[in-house]
Amino acid sequence: RIVLTGGPCGGKTTALAKLRIRLEELGFLVLTVPETATMLFSGGVPLPSDEASGFAFQKHLMQVQREVEDAFIALAKGSGRPAVVLLDRGLMDGKAYMEEEQWELLLEELQLTPVMLRDQRYDAVVHLVTAADGAAPFYSLANNESRTESVE
């Protein structure tokens, strides 16, 4: 269970594709969990417009993401093959989109802790730096229609 995380336009999608190819060449079954927020936004879910809708969105996002991750992990385990599950973002990512007290409330409501989300759920977390940090000319909204974050 390997998470690729980091700011927008950091190369996560590209890295996931390259990792998948290489791991498959080595004989692994590779399952790739797509980014849940992109799935929701692509499905028509509107961007949150205030703190309450932002909290509700992050709560539902985390619930959906946990279920999807759990399904991919169970399918990998049940395959009978050496398997790697690659994840486009992890459950801690929502913290970047919330105030600290809102994040704490979310974890409390879902009966989770940072240790459970960060240290116990995944085998590795790889953080990729966004192009907005030092390579702004390469930052683009074009490769993900759900991306709305500016370079700033």
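The values are calculated or read from the model by the stated rules, or taken from the named source; none is laboratory data. Not measured: the values here are computed from a predicted model. Glycine gets a Cβ as well: all are built from the backbone with ideal geometry, and neighbour counts include every protein chain shown. Areas reflect the complete protein model, heavy atoms only, side chains present, ligands, DNA and RNA absent. Shrake-Rupley method; radii C 1.70, N 1.55, O 1.52, S 1.80 Å.
Against the conditions (1) at pLDDT 95 or above; (2) within 22 Å of residue 1 (Cα to Cα); (3) in a helix (DSSP H, G or I); (4) not small (Gly, Ala, Ser), residue 16 satisfies every one except (1).
Can you tell me which residue within the stretch 98-143, out of those that are under 17 Å from the mean Cα position of the chain (by Cα) and of a type in the set (Asp, Glu), is modelled with the lowest pLDDT? Result: 119. Restricting attention to the stretch 81-111, the residues that are assigned to a loop (DSSP other than H, G, I, E, B) and either open to solvent by 20 Å² or more (accessible area, probe 1.4 Å) or in contact with an Asp or Glu (Cβ under 6 Å, 6 or more places away or on another chain) (or both) total 7.
Of all the residues in the stretch 19-37, those that are in a helix (DSSP H, G or I), touching a strand residue (DSSP E or B) at 6+ places or on another chain (Cβ under 9 Å) and not charged (D, E, K, R) number 4.
In the stretch 38-58, how many are touching a helix residue (DSSP H, G or I) at 6+ places or on another chain (Cβ under 6 Å) and not in a loop (DSSP other than H, G, I, E, B)? Qualifying residue count for the region: 2. Can you confirm whether residue 56 is open to solvent by less than 70 Å² (accessible area, probe 1.4 Å), more than 24 Å from residue 21 (Cβ to Cβ) and at pLDDT below 90? No, not satisfied. Figure legend. Inter-residue proximity from the stretch 8-20: first residues within 9 Å of residue 129 (Cα to Cα) and in contact (Cβ under 8 Å) with a residue 40 or more places away in the chain, second residues open to solvent by 20 Å² or more (accessible area, probe 1.4 Å) and of a type in the set (Gly, Ala, Ser), beta-carbon distance below 8 Å, spacing 6+ or different chains. Indicated pairs: 8/132; 9/132; 9/140. Cβ separations smaller than 7 Å between residues 6+ apart or across chains give the following pairs from the stretch 57-81 residues that are under 17 Å from residue 3 (Cβ atoms) to residues that are open to solvent by 70 Å² or more (accessible area, probe 1.4 Å): 73/1. If you check 96, 37 for being under 20 Å from residue 124 (Cβ atoms) and either of a type in the set (Gly, Ala, Ser) or without any contact (Cβ under 8 Å) to a residue 24 or more places away in the chain (or both), only one passes: 96.
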